[in-house]
Structure formats: C-alpha cells, structure tokens
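S.K.: The structure is given below, and queries will be raised subsequently.
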Amino acid sequence: MKPISVYRPSSVEEAIQILSLHGTQAGVYAGGTDLLIQLKNRIEAAPTFLVDIKKIDGLRYIKEDGQGGVQIGALTKLAELAESDLLAKRYPMLVDAVQHISSPELRNASTIGGDMLQQVWCQYLRGGYSCYRNGGYICYGAIGDNSYYHSAMGGRLCYAVYPGDIATALIPHDAKVKVATPFGMKELTIEQLVPGDMMVDGRLQSHVLRFNEILTEVTIPAPKAGFKASFEKLRPRGVWDFAMASLAMGLQLQANTIEDARVVFGGIAGKPWRETAVENFLKGKTLSTDLTRQALAMALTNAAPLKYNATKIDMAKGLLASGIAKLAAV
Amino acid sequence: MEYSRRNFIKAAGVGAVAVTTTVSAVVSGAEVAAAAPKPSPLAIPDAMNRETNTFNINGKNYRAEYEARTTLWEVIAVKLGLTGTNRSCNRASCGACSVLIDGRPFYSCHTLAMEAVGKKIFTVEGLGDEKNLHPLQRVAHLYSAAECGFCTPGWEVTAKALLDKNPNPTVEQVKAALSGHICRCAAYAAIVRTVIDTGKVLRGEAEIA
Ligand SMILES: Cc1cc2nc3c(=O)[nH]c(=O)nc-3n(C[C@H](O)[C@H](O)[C@H](O)COP(=O)(O)OP(=O)(O)OC[C@H]3O[C@@H](n4cnc5c(N)ncnc54)[C@H](O)[C@@H]3O)c2cc1C
Ligand code: SF4
Ligand code: FES
Ligand code: FES
C-alpha cells in the first residue's frame, strides 16, 4: 500500500482547513472501501494525506425532516440504510438498491457519501495505468477491453461508467445533497453532483466537488401519494459485481394515469443516465405493459457503444421492459 | 524562530483559514459568537503516520505498534501472531479475512488497524479451540464444510454474528448473510447446512452425533 498520513479532525471546519493545506494530495477518508483499493494498487492519483472524517460528530444519522422527507448524514453506513425501517417504509426502491451493493461486510464499512463520490472502476485506472484520470494523456478504456466498465452512451476524455447505484436510485426521488465548502454550504441536485467526466482542480472526475469540499447530508423529499418506483440491476454475480446495466424508474400516478416519470439508467454511461425521451412519452399515458413496445423503440436512440459493450444497451432495454411490467403489476 | 520549510508550510496555511472562518458562520450559525476563539492555523494537529495502541481481541488486550497504512489483518495475524484469520485476495473480494468488530462482520484486509482501536474484535480464535470447539465448528467438521479450510475462519465468524442475532435463520437468510464469502472448494451446500443445523443445536433442538 502507498504510505499515508492520517488526520482526524473533530469538526467539518477543521477538516476543510486540513484539506485546503494539502491541496489535491489530500482526500476525505470515510469508509475507505474505495480509497484502500486505490492505495493498495498504488494509483498515482490516489490521495496520501487522508482526512478521516469519522471523528466528526453528527454526520451519521437517518432522521425525519418534519415534512414527510428524510435527512441522511453523509457518514451513514450502507448497512444502516439497508436495515432502516423508516427508509423501507418511505423509499423501498432506495433500500432495494442499497441491498444489492457490494457485499454485507463491505456495506458495514462503506458510507452513502463515499458511494456517491466513488472513483470509477475502469480496470486500466484501477490497475495503475497512467490514463487521463491518473495524470496521463490517453484513455485505454476507449481502445482496449471496454466490455464491462465503459460507457455505451459516448464520452469525452474518460469513457468509464459512473459506478454508483445510490445516486442512480436517488434521482427518481428528486433528492439533494448538502456540501460544506470553505465559503459556506451549498445544495446540489444529484444530477448536478455527478454530471460525469468533469475537469475539477485539474483532475478528471465524475463529481463536481473540489478538493476541499465535504458532502455532509442527503435530503430526500416526501414521496407523494401514488408514487411507485422500481430498481433493477444486471450483473455477472449477485455480490461484489457492479451493474452491467441498472434502471431506477419512478412514476407519479393519478389513478392509473402517469403524471410524471423518471427513467434513470445506471452502469451504461459516465453519469446516471436520464432518458427524457421515454419520460416524456410515458407522461399522460395509462400505465400498462401495452406501453412497453413503444417505450423501447424510443429508448437510448443516441447510444454510442464501444467495440465490446453494445450488449449494455440490450440489457438496459430489457430492464426497461421488466421495470414497466413490474410497476404495472403492483 | 527558525524558518524551516515546515514552519513555512504551516504559516502558509493562514490564507486558507482566513477563508474558512465563513464556514462556521454557516454551519453553526448562532454559536459562532459564543464559541471560543478559532484555533490558529498553527494548531492543526500533526498527521498520524505511526502509533501504538491497544486492541481488544476476543476479550484480551494486546498492544501493537502500527503504521497509518497497516490493515487490521496485518496487526492480528502478523504483529500479534493470531494466525487463524486468513488473508486471500487482499482486495475486499473474497471474505476469507472476515472478523467481527463490535459484533458486525468486516473484511480485516480492508479495514485500517486504526479503525478497530477501542472496539471489540472477534476472530476465529474466539470461537473455540482444539479442545473446546464451538458447535459451528463441530457441525462443520461433521459435514465436511471445510475442505481446504482456507475460507473457513472467515465464514464461521460471519455465521456466528448471524446466529447471535437470529438463532433460527432460513436458508435464504443464511445465503444472504454469507454472500460475501467465496469458497474455492465450493463447499457451499455443506456450509449452508452447517449454519442451519448449528442453529438447531444452539436452540437445543438437536444434538451433535
Ligand atoms: C468489491 C466492491 C464491490 C462494489 N460494488 C458496488 C456496487 O455494486 N454498487 C455501488 O454503488 N458501489 C459498489 N462498490 C463501491 C462501494 O459502495 C464504495 O466503495 C463505497 O460506498 C465508498 O464508500 P466509503 O465510505 O468506503 O468511501 P471512501 O473509500 O472513504 O471514499 C470514496 C471517495 O469519496 C470521497 N468521499 C467520501 N465521503 C466523502 C464526503 N463526505 N465528502 C467528500 N468526499 C467524500 C473520498 O475522498 C473518496 O474519493 C463496491 C466496492 C467494492 C470494493
Ligand atoms: S475509461 Fe477513464 S479511467 Fe479508464 S482508461 Fe479511460 S480515462 Fe482512464
Ligand atoms: S482477503 Fe480480505 S476479502 Fe479477501
Ligand atoms: S474450504 Fe477450501 S475455500 Fe472453502
């Protein structure tokens, strides 16, 4: 493992001071499940001054916001989300998604903030190749084996898919995040947080947080009556593996008419991929499996698969069909 | 004052801190006025690279020196010589190295040693020894649930955590709880049977032949 130094600040302000002092050599250390793999593989871009934020009180909670919504602290473990009765009652689709992340042992260690801000899992980056994300000037994923971890919806410099399931599952709920910066707090939607393939502080990353910003909270508004959602994920093995393709779908129904729709694919693009063509098509229709054929014809028409990953598009469309069937059945 | 490079770097932090004062204004609102004066930038504590601490493993206290990057497995097996816990992949992808921390299973290869300080660590040595095997181990022996035995210490502690919480798990619950464990000898069927039947033994509904 790369040699590291660890700071253990007791407040968000102190953590931001330390991060500001070390620049991009420093990084927030939450559960460490992503960072430790980067450090063990001696990835050039991995931070070596770790700011362990777990000594900071009041970042680990799941509580009601008093208006039917829920607030989740950034350090809340995935296992705590998976076991929460409050979340199971209000946002069963989110809990379903969390239960299908990594493995039980990893879920005891990893945090919701870390899941949303995790590095991509492209085998070239994780294997220490010096690609765009690792201080180099080439993308191996675009030209090499891109069958699993790479985008089928195009890219700019980096072609890796955004790997997190939680951000994908939070978009249908219109969730937001709070971020502490040296200049105060800011609030972002999930789509603003992870626009994919961004240049920030001279680094290519999936999210927009600067080196000295800390995600503190996720807020999810109250679900309205008539909201139905489903999460599906395809992967080689039922544990550990990332989504080859996933779908988080949320429908706001009035009687059986679709008033509003969110169709978000994961694992196929550099960001959680909202398919607005299908969303617009679904609006105003009566929910039934009769919609499936037309929805599929409209879905992912601007796909741009690489040499080995066209199957991701077929998988994603299959998930859309089963998602509609699932929601039409309940 | 000597103008070493270190002093310079610390002093250079002043700029950063001048800006950060605004954070507290937003984060903690009204408390700001009442709070003690902001710590000066020179008060940023030194980073930890190496330290010595006490680890509570299976109820006993052990002292060990470790680096910031030392994993819990390295402390348990290498520094303290409790070699029951195996490490296989070292990448959080097999489960061989599992231990319980405060009753929950973690991969010890993927947990920094510093994280386990002050917590109760439980390894396979705590389960039983040659003279006094835990029912889980006796049933596993009976069913040949350990073939090469490399994955065994890992899933046994995870199974113990499950049975402590739920002494009467269903097959589905056992599979879900042990899903983070790979057995390269593929003794899976025997492992699941072991956990189910150990539940019966622990509940007093069966005896080990
Ligand atoms: C084998 C394996 C399988 C996996 N499978 C899946 C999967 O199927 N689906 C999925 O979604 N994920 C999966 N993951 C990813 C896993 O969920 C993440 O590694 C984990 O959630 C990261 O959380 P952490 O707390 O351990 O983050 P860390 O490793 O501590 O941090 C991850 C990154 O986020 C930053 N960070 C963390 N918290 C904050 C914060 N509050 N503010 C600012 N920056 C922060 C860190 O600086 C770092 O860059 C898998 C991981 C492994 C190892
Ligand atoms: S896909 Fe991204 S992470 Fe992978 S080699 Fe290309 S630039 Fe690097
Ligand atoms: S050795 Fe720790 S999970 Fe494989
Ligand atoms: S018994 Fe050999 S790996 Fe499980």
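The values are calculated or read from the model by the stated rules, or taken from the named source; none is laboratory data. Quantities reported herein were computed from a predicted structural model and do not represent experimental measurements. Positions of Cβ are backbone-derived with ideal geometry, glycine not excepted, and every protein chain shown enters the neighbour counts. Quick note on the areas: whole protein, heavy atoms, side chains included, nothing else; ligands and nucleic acids left out. Shrake-Rupley method; radii C 1.70, N 1.55, O 1.52, S 1.80 Å.
S.K.: For segment B:45-126, count the residues as N, evaluate 2.2 N^0.38 Å, and divide the Cα radius of gyration by that value, please.
M.R.: On the way: Rg = 11.9 Å, N = 82, 2.2 N^0.38 = 11.7 Å.
Computed over Cα atoms of segment B:45-126, the ratio equals 1.01.
S.K.: Still on this model: Which residues of segment B:86-102 end up with at least 20 Å² less accessible area in the presence of all protein chains than when their chain stands alone, using a 1.4 Å probe?
M.R.: With the partner chains in place, segment B:86-102 has these residues losing at least 20 Å²: B:91, B:92, B:93.
S.K.: Please compute the average number of Cβ atoms from other chains found within 10 Å of each residue's Cβ in peptide A:178-184.
M.R.: Details: counts 0, 0, 4, 5, 8, 5, 6.
The shielding value for this peptide is 4.
S.K.: Ignore the peptide's own chain and count Cβ atoms of other chains within 10 Å of each Cβ in B:108-120; give me the average, rounded. Please list the in-between numbers first.
M.R.: Details: counts 1, 2, 10, 7, 10, 0, 3, 6, 0, 0, 0, 0, 0.
Taking all residues of B:108-120 together, the mean is 3.
S.K.: Run a plain Debye calculation on the protein assembly as shown (Cα atoms as equal point scatterers, no solvent) and give log10 I(q)/I(0) at q = 0.07, 0.08, 0.10, 0.11 Å⁻¹, rounded to two decimals, same order as the q list.
M.R.: -0.44, -0.57, -0.89, -1.07
S.K.: If I fit a long axis through the Cα atoms of helix A:311-329 and take the longest principal axis of the Cα atoms of chain A, what angle between them do I get, 0 to 90°, rounded to 10?
M.R.: Helix A:311-329 and the main axis of chain A meet at about 60 degrees.
S.K.: Give the average, rounded to an integer, of partner chain Cβ atoms located within 10 angstrom of each Cβ in A:104-116. Could the numbers behind the result be given before it?
M.R.: Working: counts 14, 17, 7, 2, 10, 9, 2, 0, 0, 0, 0, 0, 0.
So the per-residue partner count for this stretch is 5.
S.K.: What accessible area per residue, rounded to a whole number of Å², is obtained for segment A:86-150 using a probe radius of 1.4 Å? Can you show the working numbers first?
M.R.: Values: 2310 Å² over 65 residues.
Ligands and nucleic acids excluded, the figure is 36 Å² per residue.
S.K.: With a 10 Å cut-off between alpha carbons and a GNM built on chain A, which of A:82, A:255, A:245 moves the most?
M.R.: A:255
S.K.: Still on this structure: For segment A:7-58, just the Cα atoms, rotate onto the principal axes and tell me the three extents in Å, largest first.
M.R.: 31, 21, 11
S.K.: So which residue, out of A:309, A:134, A:256, gets the largest mean-square fluctuation from a GNM of chain A using Cα contacts under 10 Å as springs?
M.R.: Of A:309, A:134, A:256, the Gaussian network model singles out A:256 as fluctuating most.
S.K.: Can you give me the % of accessible surface on the protein assembly as shown that is carbon or sulfur? Probe 1.4 Å, all protein chains present, nothing else counted.
M.R.: Within the protein assembly as shown, the accessible surface is 53 percent carbon and sulfur.
S.K.: Next question, about the same structure. What is the packing order of peptides A:177-186, A:319-328, taking the mean over residues of other C-beta atoms within 10 Å and listing the highest first? Before the final figure, lay out the partial values.
M.R.: On the way: A:177-186: 17.8, A:319-328: 19.6.
Going from most to least packed, we get A:319-328, A:177-186.
S.K.: Further question on the same structure: For chains A and B, what's the summed buried accessible area, probe 1.4 Å, to the nearest 100 square angstrom? Don't skip to the end; give the middle numbers.
M.R.: Values: alone 14240 and 12690 Å², together 23290 Å².
Its buried surface, counting both partners, is about 3600 Å².
S.K.: Under a crude label model (7 Å from the Cα following the beta-carbon direction), how far is residue A:83 from residue B:171 in nanometres?
M.R.: Rounded to a tenth, the inter-label distance reads 2.6 nm.
S.K.: Which of A:79, A:248, A:297 moves the most in a Gaussian network model of chain A with Cα springs under 10 Å?
M.R.: A:297
S.K.: Grab the DSSP H runs of chain A that are 4 residues or longer, score each as -39,500 (n - 2.57), total them, divide by all residues and round the 222 nm result to the nearest 500 deg cm²/dmol. Walk me through the numbers on the way to the answer.
M.R.: Working: 14 runs with 101 residues, N = 330.
It comes out at -8000 deg cm²/dmol, rounded to the nearest 500.
S.K.: What whole-number distance in Å separates the alpha-carbon centres of segment A:282-330 and segment A:183-215?
M.R.: 30
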